[in-house]
Amino acid sequence: MEVVRSQRKSLSAAEDVVPTLPLYRSAPELEVRLEDFELFAIDRLRVLKGISDGLSRGKNTNEMEKLVKELWKANMRHPQASEVINKDIISHFVLRLVYCRTEELRKWFLSMETTLFRYRFRLETSEVQRALMTEFVHYKALSTTEFESVKEKLIQVARSMGTSADTIFYKVPFEEVPELVATRRVFIQKGHAYVAMNQVVSLVVTQFRSHLSKALVLANRKWTSTIREQEKDRLAPIVEALSTSYLGPDYSQPKEYAEISLRDIDQVARSSFPLCMRHLFEKLREDHHLKHGGRMQLGLFLKGVGLKLDDALAFWKAEFSRKVGVERFDKEYAYSIRHNYGKEGKRTDYTPYSCQKIISSTPGVGDHHGCPYRHFSEENLRAALGRMGVVNRALEDVIDKVRNRHYQLACTLTFETVHGSSCDAGINHPNQYFSDSQKILESKKNSME
């Protein structure tokens with residue numbers, strides 16, 4: 001009877017709890033400033049991308065729980081405490097619009113939001129978890145009579161999982177908890193699974209994922225049929241840009257250790273250029289020409305690492321003039337270089353391309369820009385990595401990440417192998433790769449003096 005009394009007391013306490021974890025069933029009827037519309041979404045996107053990186057790195061459950069807690073605390077706070085929940089809800093629904101537009105975007109968003117929900121649920125108190133169970137999946141804990149009828153079996157289940165014997169159980173159709181059935185963490189009888197309180201996260205997450213998956217498809221229909229046209233001048237540009245937005249430094253100005261001259265550019269290219277820029281640099285030296293996409297990708301990168309305009313003009317002219325001649329270079333190519341440095345046209349200070357922009361590019365025949373981890377054949381990638389000194393087990397680890405389409409993580413592993421140093425933040429920008437490389441090399445140089 002102690003078990004039953006404990007169970008009843010816990011359930012009674014849970015009835016008065018108001019969950020702080022939203023279920024995102026319907027969009028809020030709130031007025032949102034356009035600025036907040038974008039900023040809230042970007043903050044949530046930082047959380048989701050942090051989760052994606054953690055999963056790609058193979059972090060275990062405890063590490064992921066800690067990561068999610070830190071990411072949420074760092075990015076989802078609001079200056080006004082009363083607005084925290086609104087920020088959570090608004091940012092979720094904004095990103096629904098952003099990621100509903102293609103199957104690939106929906107798949108990524110569904111996976112990351114489900115993972116976020118899973119760990120936020122785990123971090124809630126048991127009272128909040130029970131309140132969410134009642135509200136979301138409409139299942140209640142076993143009645144006293146039913147609990148007594150299977151009590152011995154449930155106590156065995158609890159012991160096998162290292163759970164206290166007075167844990168609360170829920171009775172649900174077994175097909176709703178396939179993960180628990182597959183791992184034999186539930187007692188099954190007459191088509192129902194008896195789920196212990198510490199395992200209900202699996203049930204709630206399954207329901208959450210199913211609900212969100214359907215909602216994304218509906219959001220896509222609404223976006224395609226009405227919203228995009230109605231908001232083509234106001235919201236559409238923001239929504240369509242967010243899915244490919246880069247959230248880190250723009251590297252428009254050279255950072256510490258980031259300044260190169262023509263004299264040492266070849267040596268620096270070998271030691272500190274990421275594979276995408278190293279490939280472009282080598283092709284430029286070999287062919288004395290790059291198509292527009294390659295010129296933009298490499299040119300803005302060089303600008304970001306500190307190559308001055310005069311040196312940039314001299315560098316490109318020395319190469320291109322060997323193939324097209326000095327006169328044609330001055331007439332057809334010099335303008336675009338000055339333009340990139342903000343000295344022509346609208347005088348915009350253009351920023352170097354991020355990994356995300358490079359990965360999403362679509363190089364054609366004869367192009368050399370883009371991300372080698374995505375666009376190279378496996379044979380060519382192995383050869384290129386071998387020339388950088390990535391071999392044996394490290395090479396196979398990189399190739400494994402590429403096969404699973406974790407291109408930035410593959411670049412991060414390459415960085416760590418080449419430099420013999422970890423890169424916990426991951427590589428998100430070619431200029432970050434260069435800057436971090438220079439810091440490590442400078443540190444090693446100083447330690448030897």
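Identify, from the list ARG101, ARG130, the residue that is at pLDDT below 85, of a type in the set (Lys, Arg) and assigned by TED's automatic domain parsing to the domain that holds ASP43.
ARG130
Can you name the condition, by its number, that SER26 falls short on among (1) in contact with a helix residue (DSSP H, G or I) (Cβ under 6 Å, 6 or more places away or on another chain); (2) closer than 25 Å to LEU132 by Cβ; (3) among the hydroxyl-bearing types (Ser, Thr, Tyr)?
If we test SER26 against (1) in contact with a helix residue (DSSP H, G or I) (Cβ under 6 Å, 6 or more places away or on another chain); (2) closer than 25 Å to LEU132 by Cβ; (3) among the hydroxyl-bearing types (Ser, Thr, Tyr), just (1) comes out false.
Only one of (1) surrounded by 15 or more Cβ atoms within 10 Å (Cβ to Cβ); (2) under 27 Å from the mean Cα position of the chain (by Cα) fails for ALA158. Which number is that?
(2)
Any idea which of (1) in a helix (DSSP H, G or I); (2) among the polar types (S, T, N, Q); (3) at pLDDT below 85 is the one THR20 doesn't satisfy?
Result: THR20 fails condition (1) only.
Give just the number: which of (1) without any contact (Cβ under 8 Å) to a residue 60 or more places away in the chain; (2) surrounded by 14 or more Cβ atoms within 10 Å (Cβ to Cβ); (3) under 20 Å from CYS371 (Cβ atoms) does TYR251 not satisfy?
It is condition (1) that TYR251 fails.
Select from the range 338-383 the residues that are surrounded by fewer than 20 Cβ atoms within 10 Å (Cβ to Cβ) and small (Gly, Ala, Ser) and list them in ascending order.
Matches in the range 338-383: GLY342, GLY345, SER360, SER361, GLY364, GLY366, SER377, ALA383.
Could you please give the count of residues in the range 54-98 that are at pLDDT 90 or above, over 28 Å from GLU35 (Cβ atoms) and among the charged types (D, E, K, R)?
Residues that pass the stated criteria total 3.
What number of residues within the range 30-41 satisfy the criterion of being among the charged types (D, E, K, R) and in a loop (DSSP other than H, G, I, E, B)?
So the answer is 2.
Return the total of residues in the range 170-213 being part of a helix (DSSP H, G or I) and free of Cβ contacts under 8 Å to residues at least 60 places away in the same chain.
Residues meeting the conditions: 13.
The rows are residues; the columns are (1) closer than 19 Å to ILE260 by Cβ; (2) surrounded by 12 or more Cβ atoms within 10 Å (Cβ to Cβ); (3) among the small types (Gly, Ala, Ser).
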residue: LEU385; (1), (2), (3): no, yes, no
residue: ARG393; (1), (2), (3): no, no, no
residue: LEU413; (1), (2), (3): no, yes, no
residue: VAL418; (1), (2), (3): yes, yes, no
residue: SER422; (1), (2), (3): no, no, yes
residue: HIS429; (1), (2), (3): yes, yes, no
residue: PHE434; (1), (2), (3): yes, yes, no
residue: GLN438; (1), (2), (3): yes, yes, no
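GLU103: under 18 Å from THR244 (Cβ atoms) and surrounded by fewer than 16 Cβ atoms within 10 Å (Cβ to Cβ), yes or no?
Yes: the conditions hold for GLU103.
Picking from LYS283, LYS343, which residue would you name as being farther than 25 Å from GLY386 by Cα and in the same structural domain as GLY389 (by TED's automatic domain parsing)?
Of the residues listed, the single one that is farther than 25 Å from GLY386 by Cα and in the same structural domain as GLY389 (by TED's automatic domain parsing) is LYS343.
Given THR362, THR351, which one is under 30 Å from HIS406 (Cα atoms), assigned to a loop (DSSP other than H, G, I, E, B) and without any contact (Cβ under 8 Å) to a residue 40 or more places away in the chain?
THR362 is the lone residue from the list that is under 30 Å from HIS406 (Cα atoms), assigned to a loop (DSSP other than H, G, I, E, B) and without any contact (Cβ under 8 Å) to a residue 40 or more places away in the chain.
Need pairs with beta-carbon distance below 8 Å; first residue without any contact (Cβ under 8 Å) to a residue 60 or more places away in the chain and within the range 24-43, second of a type in the set (Ser, Thr, Tyr) and surrounded by 18 or more Cβ atoms within 10 Å (Cβ to Cβ); sequence gap 6+ or separate chains.
PHE40/SER91; ASP43/SER91
Go through the residues of the range 129-140 one by one and say whether even a single one is out of contact with any strand residue (DSSP E or B) (no Cβ under 7 Å at 6 or more places or on another chain), surrounded by 13 or more Cβ atoms within 10 Å (Cβ to Cβ) and more than 13 Å from VAL200 (Cβ to Cβ).
No, there is no match, as no residue in the range 129-140 is out of contact with any strand residue (DSSP E or B) (no Cβ under 7 Å at 6 or more places or on another chain), surrounded by 13 or more Cβ atoms within 10 Å (Cβ to Cβ) and more than 13 Å from VAL200 (Cβ to Cβ).
Do we have any residue at all in the range 315-327 that's among the acidic types (Asp, Glu) and surrounded by fewer than 16 Cβ atoms within 10 Å (Cβ to Cβ)?
Looking through the range 315-327, at least one residue is among the acidic types (Asp, Glu) and surrounded by fewer than 16 Cβ atoms within 10 Å (Cβ to Cβ).
Quick one: which residue in LEU302, LEU262, LEU284, LEU307 is farther than 20 Å from GLU442 by Cβ and buried (at least 18 other Cβ atoms within 10 Å of the Cβ)?
None of the others qualify; the one that does is LEU284.
Six or more apart or on different chains, Cβ under 8 Å: which pairs go from a residue in the range 331-348 that's at positive phi to one that's at pLDDT below 95 and not aliphatic (A, V, I, L, M)? Could you list them?
Here the result reads GLY342/THR348; GLY342/ASP349; GLY342/TYR350; GLY345/HIS339, each pair linking the range 331-348 to a residue that is at pLDDT below 95 and not aliphatic (A, V, I, L, M).
Would you be able to say whether some residue in the range 195-213 is at pLDDT below 85, small (Gly, Ala, Ser), out of contact with any Asp or Glu (no Cβ under 8 Å at 6 or more places or on another chain) and at negative phi?
Yes: one or more hits.
So, restricting to helices (runs of 4 or more DSSP H) that lie completely within the range 42-156, which ones have at least 1 residues that are over 30 Å from ASP424 (Cβ atoms)?
84-99, 103-123, 126-132, 144-149
The values are calculated or read from the model by the stated rules, or taken from the named source; none is laboratory data. In this text the structure is predicted, and so the values were computed from the model without any measurement. When we count neighbours, we look across all protein chains shown, and the Cβ atoms used for this are built from the backbone with ideal geometry, even at glycine.
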